[in-house]
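Reviewing the structure listed below.
Each value in this text was obtained by applying a stated rule to the coordinates, not by laboratory testing. Remember, predicted model here, so these are calculated numbers, not experimental data. Quick reminder, even Gly has a Cβ in these numbers, built from the backbone with ideal geometry, and neighbours come from all protein chains shown.
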Amino acid sequence: MPPSKKPKPSWFGFIKFCGIIFIVLLGLSLFRETDREKLIKAANSGYEIIEPSSEYFRSKASVHEVISWAQKGNPDAQLRLTYLYWKGSEGVPIDLDKAVEWAKKTTENEGYPQAMAAANVLWAIYEQDFPHEKQDKTEAEKWLKFQADRGDSFAATLLGMRYLGIYGGNVRPSEAFQYLKKAADKGEGNAIYWLGECYANGWGVNESSDRAIFYLTKASDLEKPFIYQCLAQRKLAEAYKYGYGVTKNSKQAFEYFIKSAYGGDLVAMTKLSAAYFNGAGVVPSDAMALVWLYVNAASGGGFGEQAGRETVALMERDFLPQDLVQIRSKAREIVAHIQARKAEAKGENLPLPARGAVSSGTGVIVSSDGLVVTAAHVVDGSSRIEVVTSTGKRPATVVETDPKNDLAILRVGGAGYQAAPLIPSRDIKLGQSVFTIGFPNTDIQGASPKFTKGEISSISGIRDEPTQWQISVPVQNGNSGSPLFDESGNVVGIVVSKLNAFETAKQTGDLIQNVNYAVKNAYLVPMLEKVPDKLPAPKKRGMFKKLESVVEDSKKSVVLILAY
């Protein structure tokens with residue numbers, strides 16, 4: 001008989017069994033489709049399955065999946081693809097043409113929130129602060145209107161402001177009022193403020209001081225801060241101070257001035273300082289008057305400039321060093337509060353121009369080859385200068401400066417600019433009508449040019465300074481360097497300064513308004529003669545040419561100056 005085999009231990013069979021199970025499971029795992037692969041397969045084959053969620057497209061889906069589902073008409077995928085092409089991410093390069101294409105497809109999903117989001121992207125692309133190949137104000141307005149007509153109160157506010165001319169575009173007061181009214185009824189703070197302005201000025205509605213005060217008060221009292229709230233509060237303060245639509249009340253005026261100043265309004269800060277100095281609606285306090293001048297200077301106001309600093313220095317003489325330490329500490333506390341409040345208000349993302357610039361002002365093109373005149377203090381000490389023309393934002397260099405007369409000449413690259421002509425100073429008469437175009441307070445009033453007019457009040461400046469005109473044309477921060485035009489569109493001078501409000505208040509007990517100064521052309525021309533550019537000949541106003549036409553033509557030569 002053959003010898004019998006030795007039996008194997010019982011544990012050997014158990015190990016063999018486990019090994020077989022492991023191999024089977026491994027094979028199954030290798031051939032099993034992942035959820036992602038199933039989605040791709042389904043998208044490519046047209047299977048009826050439940051579509052992925054919005055969150056899936058935002059955080060988990062690959063670019064291939066997004067494209068596949070977008071082509072199938074999924075609004076979440078279409079919107080995600082729009083953002084990928086717009087901003088460029090996940091290996092997808094920026095492509096504005098494709099971003100616009102997919103955004104427009106997304107807006108076809110009427111009634112979906114993704115359609116509104118895509119319309120907002122289209123508005124942002126066409127409305128860019130600075131020109132690019134897709135900038136188109138007409139298209140921007142179209143997609144802003146798309147959102148406003150579908151109940152978006154923020155879009156309705158912006159459209160209403162556009163129709164008022166705040167952000168450029170065709171002025172349509174009646175339509176502006178209607179859109180602002182819709183947004184205001186939904187509690188949009190900026191819309192409530194501008195609705196008050198509509199009633200105050202008769203824009204698209206019958207003028208009514210009562211309704212103006214009602215809406216300005218409503219805007220002022222909103223708990224959540226917004227961009228124009230401090231302006232609403234200052235307008236109310238001025239109404240109570242001077243009795244515009246309400247009974248004069250200096251105490252109430254003071255209360256609104258302090259609210260506006262804490263909101264960051266530079267004008268309110270100076271008026272509040274004067275109120276403390278004169279005891280208007282509050283117990284007089286020279287210390288608090290100085291505090292608010294410090295705050296104004298630290299916030300970029302006029303008291304940070306040379307003339308303002310001189311006034312501050314004079315006031316400081318009345319205080320002991322230890323007192324000044326406390327006053328400055330108080331000013332720093334207020335500035336910190338203002339900055340925090342501004343940051344909260346800017347969370348609304350209203351389009352604000354000139355971001356990043358240390359200072360801004362206005363200039364005028366005086367030669368077709370890009371010679372620009374502005375005030376010297378606008379660009380003094382800057383390391384980089386940019387000029388925003390009607391054709392785009394361009395770098396500029398300083399060619400000539402005259403610190404004594406506060407004049408500077410810049411050079412901008414390119415050619416074919418529309419230049420404004422200059423007229424001899426000897427041709428200007430006392431009482432002659434003049435106007436200016438500039439970019440005041442761009443952080444509040446926007447980046448569209450602003451027009452104001454007045455007269456030549458004196459043929460000499462402060463203390464009979466012969467180099468300047470005294471003018472009644474209202475100017476604000478940002479108007480520095482603005483051209484002063486005659487009614488034919490000729491430049492007669494360059495706006496450089498305002499009457500020092502606080503010094504005037506100390507001497508007269510009131511803040512005198514609309515006393516401003518412009519350097520005469522007689523002191524500008526010698527600087528221009530050092531540059532070989534050909535200057536245009538003076539204009540003669542046609543007998544039937546309206547001032548509006550002159551302003552529209554002159555506006556083309558006025559530029560925004562950004563100094564860094």
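Annotation for segment 385-488: trypsin sites (Lys or Arg not before Pro) lying in DSSP loop with at most 14 further Cβ atoms inside 10 Å of their Cβ are LYS404, LYS429. Residues GLU127, GLU465, GLU110, ranked from the fewest to the most other C-beta atoms within 10 Å, line up as GLU110, GLU465, GLU127. Dimensions of segment 203-266 from C-alpha coordinates, computed as largest minus smallest value along each principal axis and given longest first, are 32, 26, 19 Å.
Which order results if TYR83, TYR163 are arranged by neighbouring Cβ count within 10 Å, fewest first? Before the final figure, lay out each step's value.
Working: TYR83 20, TYR163 25.
The fewest-first ordering by Cβ neighbours comes to TYR83, TYR163.
To the nearest whole percent, what portion of all C-alpha pairs in segment 80-185 is separated by more than 25 angstrom? Of the Cα pairs, 23 percent sit more than 25 Å apart. For the listed peptides 152-161, 220-229, a ranking on the average number of other beta carbons within 10 Å per residue, highest first, reads 152-161, 220-229. Using a Förster distance of 22 Å, how high is the FRET efficiency between ARG309 and ASP464, based on the Cβ-Cβ distance and rounded to 0.05? So, using R0 = 22 Å, E works out to roughly 0.40. Shape summary: segment 360-563 maps onto an equivalent ellipsoid whose semi-axes, from the alpha-carbon gyration tensor, are 24, 20, 17 Å in decreasing order. Quick one: Debye curve from the alpha-carbon atoms of segment 258-350 only, equal weights, vacuum; give me log10 I(q)/I(0) at q = 0.14, 0.17, 0.20 Å⁻¹ to two decimals. Rounded to two decimals, the profile gives -0.49, -0.70, -0.94.
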